[in-house]
Amino acid sequence: MYRHRGFGYLIVIVSVIAVTLLLLVNPIGSAAGQQPVTTVEDADNATGSNVASERVSVIVEFKNTSAREQATIPGEVSVTGGQNITFMPVLFMQGPRSAFEALEDRASVIAVKRDSRVAVEPPQATDPSVSTSEQVSAANQVVPWGADRISAQDGREAVSETAIGDVDVAVLDTGIDYTHSDLETVRWGANFSNGVTRFGRSTALDNQGHGTAVAGVVAAADDEDDVVGVAPGVDLYAIKVMNRSGEGRLSWVINGIDAALKGADGELGTNDDAEVLSLSLGSATGASSLQDAINAASDHAVVVAAAGNGGDGDVSTDEVTYPARYDGAIAVAATDRSDETPAFSAEGAAVELAAPGVDVTTTWLGGGTITASGTSLATPHVAGTAAIVIAQDLEDGDRDRSPNDVRTGLQETAIDIEGDGIDKRSGYGLVNVTAALGIKPAEPATFSIESLSPGPVSIVHGESVTVSATITNTGGQAGTETVALRLNGSVIAERSVTLDTNESETITIGNVFADLSPNDYEYSLSTGSESVTALLTVQNPAQFVVRELSPGNVSISSGDTVTINGSVKNTGDVAGAQVVSVWFDDEVLTERNLSLSAGETQAIPITDTEVSDFDPGSYSYGVKTENDSRWATLRIRPHDIAVVTPIRVVPGRNATVSYTISNDDAEVAQNVSLAVEAQSAGVTVRPTNQSLPDGLPAGAVWTTNVTLAVDRDVHRGEVRVTGVATLDGESVRVNKTVPVSRTDVTLHAPDRLTTTPGSSVNISYTLANTGLTQPSAGAISLPSVTDPLSVNGSDAAFLGLGSPVPAPGESVEHTFRLDVPASTPSGTYAITGQGNLGSDVAEQTNTTIVVRDGIDRFDQYEPSGEIGLQDVLATINAYNNGDQIGDDEVSIRDVLDVISAYNDRSD
């Protein structure tokens, strides 16, 4: 039997609606205007973004919680969150792209995906007036036509108020205006927008309107004012995962799902877990991290998603958005007063249910109501219906129906509106509350089989399998059944279950099939009324063979980098993963996790290896798998060339590339030259050829610069420059790439400031647009402030919102105020400032705050608040005369501190 809340079962309602949809119509009450928001995804192929050193934000999904806990994180990667997420094993990280490319190849990691943006759907036009078909239940309260059409009032009257009040509905959106008189049942909240993590109702106040509209459809109060929702009286949780622009990140959404699944006490499976979740977000493209989050949540919940507003009226096309397309979600379409789906409602095979979504009146930000259209308003109708069904289930104090039972019940009781059977416009049909609450006549015990695991599966010889499935008594009375496990029709194991009506139990039969020879088999679980069969394939294990090793026998210069490639083939029958290691001078230089399907060959760059720590000479190197290895010889020549390139170059500007050539031989190199050539069109190098007429002495170095000029019309992501250094006829070639970016930024701040404990100090930053474009957004922020110093106010100033983004050649200033507690010890404290233009271009600068105790007693002359020249002279004079300043005699330490403070001021 499913006990009330103890198992943390939930129904997840995912709504996809444009925030601006709600803002382009005329409200009945009051509403604030906003600009349209477009669905967005991070563009990994943008100009200048494919750079190995670029720091990106990602979501790393592990195979299980143990793998997450035991994961070793590269030193250049920082974990920004996810450690406390229970329902799926993820971590949120920031770091260079190259680090994550290696991390993704680990066997313990399922995927590493960009922390993509999510946003709301584009708006749909709607009739701004309230139809005369709306029923007025009191002088000032409207019963929306949609709630009436699905028999919401009749359904909730069949369930006690106490039971309805026991159901918690979490709205994961832009927050909820809990000050609205119709939304006073908001009991708790959390805020993850813009990367914050805050808990409590006050943290999740809506500042956009979208979440307030969704919440009103679910549970606007039946109080003779404004509107009434489908399920008034349920407790609402405001989970803010989208900002005032109607945008968010996948990591915010995953954090929000985790918080909703756990409830206010932060633990999954307790009484305050939400039973219903409503997610008003989506995207036209899928993301595996979102898919896994929704599917993981569906282990605890029924997931319902809005189909989207991109329909074209043609069932031969498929416009259903994500996450509605995922198997773990029910996709909801919109209907009008004629029970027809409007043209904007997305069509596709994933559509499962329909609900009212045209000219729906609901609550709005700041009070009053608004009338709008969209599949996002259809979805809360399903959320309210599910809440009432759960309330009915709780009337006896127990939770008897699983989330899947609720989902199935909504399907089976839906009203068919678009032809016979399931269709691509409305799925099973229009949801109906009273039908979903109907009681069927008692039937004999019937045992169904669901979730046969592992389903179709391939194993290697000697590997065992654990078979499991959920057995449910779908009949009208209790009963006992024998469940048989068969292999090719023969019974090999049995289990007995006794279940009440609608009760489920998961049976497990472990350690089977280990002695089977390679071949194809059928295995099944069966009861007296049902049998579920799956294919079992037994194969030979993977074998990883090194087919080739490049560059083979090769000569390079000391300090150069060599790229070692190993071509590896899996000669076994099944896919596998092994650690491929690179050996150098009889030691493991690096390791890489490699996964190959059966028969697959990959020529993969294993590593870029610096050999500056090795003396000139010959060394063996090779690539090894668990089954094979291949070796070659590397000769390290004594000459060396090092290159320093700029971070990026702006089209139409010049940049400097520095070359340093070393002669590590014991003799003078008589003929020394450097030839530099640009390998990309639109790029020139000056000078192209240089030489040292007098040669290069033994042990000496020659450093010289070349100018790299990029034409203004160059738009490629990077340019390539080749330098060839020749010493006495022996040449060393070095290739370097420099990113090209039309966006560039510089950030200036003071290098050093001096203050005293118990004071405040201002740091002014100047952000200059040194590029060719004017991005739509930017920021000046303080990502790092050394304790115990703290920022007085916000630690970031966002450009493009209140402050403008500077045009090319222009700059903008911002001043942060730092508080220095009275208990701060004397010393130096580092402050890191960062300037951003766009999403990919950033620059940092450091300022040292010098804190000296007691300096303020020497501040006797103008200007007040800092050490001036007169203050320095007075202190030196007092020391020479043995005089006191304040209560103490002046010491030589005092004189040095005052002089240092004056110098800091002058800087």
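Given R0 = 56 Å, the distance between the Cβ atoms of Glu157 and Ile73 translates into a calculated FRET efficiency of 0.50. Within a straight-line Cα-Cα reach of under 18 Å, Lys624 can be paired with the following lysines, leaving aside sequence neighbours fewer than 8 residues apart in one chain: Lys569. Taking Cα atoms only, the orientation of helix 375-393 departs from the longest principal axis of the chain by about 60 degrees. Rounded to the nearest 500, the 222 nm mean residue ellipticity of the chain from helices alone is -4000 deg cm²/dmol, with -39,500 (n - 2.57) taken per DSSP H run of at least 4 residues.
To put it simply, the accessible area of the chain at a 1.4 Å probe is 44 percent carbon and sulfur. Straight-line cross-link partners of Lys262 among the lysines, defined as a Cα under 18 Å from its Cα and at least 8 positions apart when in the same chain: Lys240.
How big is D for the chain, in µm² s⁻¹ as a whole number, if Stokes-Einstein is applied with the Kirkwood radius of its Cα pairs at 37 °C and 0.692 mPa s? The calculation lands on 101 µm²/s.
The distance between label points at Ser680 and Asp819 comes to 4.8 nm (points 7 Å beyond Cα on the Cα→Cβ vector).
In degrees between 0 and 90, to the nearest 10, how far off the longest principal axis of the chain does helix 403-412 point, with axes built from Cα atoms? Taking the Cα atoms of the chain, the angle to 403-412 is about 50 degrees.
Rounded to the nearest 20, the size of the Cβ-charge dipole of the chain about its Cα centre is 1940 debye, with Lys and Arg at +1 and Asp and Glu at -1.
If R0 is taken as 25 Å, the Cβ-Cβ distance between Arg337 and Val315 corresponds to a FRET efficiency of 0.70. The aspartates and glutamates whose alpha-carbon is closer than 15 Å to the alpha-carbon of Lys63, local same-chain residues fewer than 8 away aside, are Glu104, Asp105, Asp292. For the pair Ala698 and Thr408 in one chain, pulling the backbone fully straight at 0.36 nm per residue adds 96.1 nm over the alpha carbon distance. Geometric descriptor of the range 627-681, per residue, is 210 Å³ (volume of the convex hull of the Cα atoms).
Note on Tyr619 and Asp299: their simple-model spin labels are 4.5 nm apart, each label 7 Å out from Cα toward Cβ.
Shape annotation for the range 285-359: C-alpha extents along the principal axes are 37, 22, 18 Å, from largest to smallest.
Two numbers describe the Cα atoms of the range 447-539: Rg and Dmax, which are 13.8, 44 Å.
Rounded to two decimal places and with Rh computed the Kirkwood way over Cα pairs, what is Rg over Rh for the range 141-268? Result: Rg/Rh = 0.99.
Along the axis of the charge dipole computed for the chain (Cβ charges of +1 for Lys and Arg, -1 for Asp and Glu, origin at the Cα centre), the listed residues Asn553, Ala274, Thr446 are led at the positive end by Asn553. Taking the square roots of five times each eigenvalue of the Cα gyration tensor of the range 641-739, the equivalent ellipsoid has semi-axes of 28, 11, 10 Å, listed largest first. Ratio of Rg to Rh for the range 292-333: 1.05 [Cα atoms; Kirkwood radius as inverse mean 1/r over pairs]. Length available on full extension from Gln83 to Thr480: 0.36 nm per residue minus the Cα-Cα distance, which gives 138.6 nm. In the context of the full set of protein chains, the chain has a per residue accessible area of 42 Å² (1.4 Å probe). Each 10 Å bin from 0 upward holds the following percent of the Cα-Cα pairs of the range 55-115: 25, 63, 12. Taking the C-alpha atoms only, the angle from helix 288-297 to the longest principal axis of the chain is near 40 degrees. Assuming a ≥ b ≥ c are the square roots of the Cα gyration tensor eigenvalues, decide whether the range 485-539 counts as rounded (a/c under 1.5), prolate (otherwise, with a/b larger than b/c) or oblate. Cα axes put the range 485-539 in the prolate bin.
The values are calculated or read from the model by the stated rules, or taken from the named source; none is laboratory data. What you see is a predicted model; the values in this text were computed from it and never measured. Because the Cβ atoms are built from the backbone with ideal geometry, glycine has one as well, and the counts that use them run over all protein chains shown. All accessible areas refer to the heavy atoms of the entire protein, side chains included, with ligands and DNA or RNA removed. Shrake-Rupley method; radii C 1.70, N 1.55, O 1.52, S 1.80 Å.
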